[in-house]
Amino acid sequence: MPFDQALRFASIWLASTSFIGLALGAGLPEWLAALTGAALIVAFLRNRGHKSVERLARFSPISPAGWNLLVIVGFLGFWVDMLWVSGELLPAGIHFLMILMIIKLFNLKLRRDYLHLYAISLVAILASGSLTTDLWYLPIFLLYLLAGVWTLLLFQLTKHPEETQVLTMSGTVRSQASASVHLVTPQFFWLANGLAFATFGLTLAIFFTVPRVSAGFYQKGVGENMRTSGFSETVNLGEIGPIKRDPSVVMRVELADGSPNKADGLYLRGVAFDQYDGKAWTNRLGYRRSVNEDGTGAFVLLGNRSAAPARLGETIRQNILLEPLDTPVLFAAPFIERVSGKFPSVQSDLTGSAYLPFPSSSRIEYSVLSRSNPVLPADLSSEPSLYPESFTRHFLQIPVQSERIAILAKEVTHTQRATFDKVHAIQSFLAHNFHYSLDAPLAELNHPLEEFLFSRKTGYCEHYATAMVMMLRTVGIPARLVTGFLATEWNEYGNYYLVRQQDAHAWVEVYLPHSGWITMDPTPPSLESVGSNSPAWHALGRMMDTVRLQWSRFFVQYSAADQLAVVRELKAGGTSARNKALDSMGTLFNPFMAMVGGIKEYVFNGTISSLAEVLGLALIGLAFFLWLGIKRPWAKAMAGKKTTRDQQPIVQLYGRMIGHLARKGISKPASSPPLEFVRLTQERWRDAGSAVGSITELYCRARFGQISPTRAELSLAEGHLRYLMALHKP
């Protein structure tokens, strides 16, 4: 491929990668994405010399002044978009950037036009990188980097003393004679790719050694946070149910012990509610106060323990990577004692819930120390329980409702004497006498709780938790409703809980005089399955999620403080830096080794035989293609058609001559030998006979006589081809 054509192709490649990055990261409007994609396709076809596209471009009704007018119109549209359509500077700027790319793709003639396209592509790839933290950006960036190296090299190699040199999208030959045919050789191909990979390595070195500034124009982004329900100060009954069909990932929770010790999952507490009006829950204790920091920089929450605990409960240490949600709640196992993270401040309310000052627009990572309250022996006795007035005012409140709920609660607990036994009796009654379903249409009813308990007897977690709280309060036991997530999906490749929107849950916290707040869940296990993918696909999904987690940890969440630590270690030298680097690499590749081990276990245990079959077929196919690459059975058949590197220029010149003659109406039959075609051309076009004969003679001598043409002969052949292209066939 000649350098000029390779430059045009690399330029289109550069623009395409930046466009794909913006389309995936910024969510371009459909009409704008389709228009930009069409412009890139047309530019590619023009570079390939497509006749109809080239003819259409030649007779384009838009003059250079018209293109400039379109730029002015696009700039005016940018202001309209920013002020009235998008309402923000960043999306309006991105839309205007794509309009500029479209205009420039249809108007690539001078070298400065290519420079303009490069500048547009650079801004586009920077914008897409700042708008996303997903793993897909890595291959897009690598493709852009590879295209950028190729473009810079080719742009310099095709540089001409005249700055106004035209680089049209067609395959027109230069008007000036060149000393040699400038082609992309294998040496040049590997040199360009080697420079690209070396550049990527240098980029990684700079990334890990030079601290970043964690603020900038693109820091906020244009995407909205993931919408959630049940974590505001008011929750309507039936609000959580609809989001339980959404499989989007909301957080990942690592345990300090490395593996879960409970088969029923991990409760991740969000917000607690104390008042119910018959249709909705509100939190009258939701006033937030700032939490103090200790000497280690951790935020210490107080007031979550019981008044006089006889012994401490189970300690749970978690490291949580939370996706951007539309709530400032910090989720963790109950009950939070300490929170540490890169936060300006942490707030807490009187129910023990933790909050950020405002919802985060990006992923956040934080560590939590939680401690549960065990049930103490003193609360298992039949002595009457006494509660302070503050508890009775907030956690024994009952709305105006049917007396049937109070009667039902007394019937369920009439044989029990101890407070905890009454709690357990109500929990067991709800778990064993009602059915779980996400299709229960109770949210629009005037009395959804009575309808759930006495008529439909079908609902989801909110109905179970609300029913238990109301029944407990009618028998004098303080209780409150809690919303959060119930993590049950354990990722064995990354050793963490994968929490999704569909894991949103509501449960009950009961207050016992000696033990404090105790977590109780009356909701039975769900028999409904969201999604019907095979175990093999589930395993593959967990593997890919592990890769995304490592990407976020080692690149997205790699802060300036981490980079400064690397710089200090490198300056200090010695074995410490080397050991830390090896540990980091080991941590990075451990999930991949776990994946391989997991696949091996699945295959040999026969748990997912379909995966084994797929892998077996893939290995067979890979072995077949390797055999083809090594043996190359077609090599003997193609031996007579091979050309050496020195023969390639004249072969390509001959091919261009044949193509030009075909466009003039003189096509070479497939069965016609080269010299016979020379005679045919001389008969139909006398003026072209000499040039065609000279080029064909050099081609036959190199192709069949294995005599490579000299530099002077190649230059002469180029002159004949230019002369032939300048002729007008009578």
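A few points about this structure:
- Rounded FRET efficiency, nearest 0.05, which uses the C-beta distance separating Asn193 from Lys729 and R0 of 41 Å: 0.45
- Classified by the C-alpha gyration tensor, region 2-51 has an oblate form. Its axis ratio a/c, with a ≥ b ≥ c, is 1.5 or above, and a/b does not exceed b/c.
- Take 70-77, 251-258 and order them by the average number of nearby Cβ atoms within 10 Å per residue, most first; the result is 251-258, 70-77.
- Relative contact order of region 270-421, pairs being alpha-carbon contacts under 8 Å that are 6 or more residues apart, as %: 28
- Modelled label positions at Leu142 and Phe75, each set 7 Å beyond Cα in the direction of Cβ, lie 4.0 nm from each other.
- Separation in nanometres of the label points that stand 7 Å from Cα toward Cβ, at Asp421 and Leu386: 2.2
- Applied to region 669-686, the Karplus parametrisation 6.51 cos²θ - 1.76 cosθ + 1.60 on θ = phi - 60° returns per-residue 3J(HN,Hα) values of x, 5, 8, 8, x, x, 5, 5, 5, 4, 4, 5, 5, 5, 6, 8, 8, 4 Hz, with x for Gly and Pro.
- Model label zone, Asp326; criterion: amide N under 20 Å from point 7 Å along Cα-to-beta-carbon; scope region 13-35: 26-28
- Which of His435, His116, His505 has the fewest Cβ neighbours within 10 Å, and the rest in rising order: His435, His116, His505
- Checking the Cα-Cα distances for Lys159/Lys729; Lys279/Lys457; Lys410/Lys457; Lys244/Lys422; Lys159/Lys668; Lys668/Lys729 against a 24 Å cut-off, the pairs over it are Lys159/Lys729; Lys244/Lys422; Lys159/Lys668.
- Peptides 702-709, 341-348 ordered by average Cβ neighbours within 10 Å, highest first: 341-348, 702-709
- Per-pair calculated FRET efficiency, R0 = 45 Å: Leu202 and Glu233 via Cβ, rounded to 0.05: 0.30
- Tensor-based shape of region 639-726 (alpha-carbon gyration tensor, a/c under 1.5 rounded, otherwise prolate or oblate): oblate
Coordinate-derived values only; no laboratory data. These figures come from a predicted structure and were not determined experimentally. Here Cβ is always computed from backbone atoms with ideal geometry, including for glycine, and neighbour counts include all displayed protein chains.
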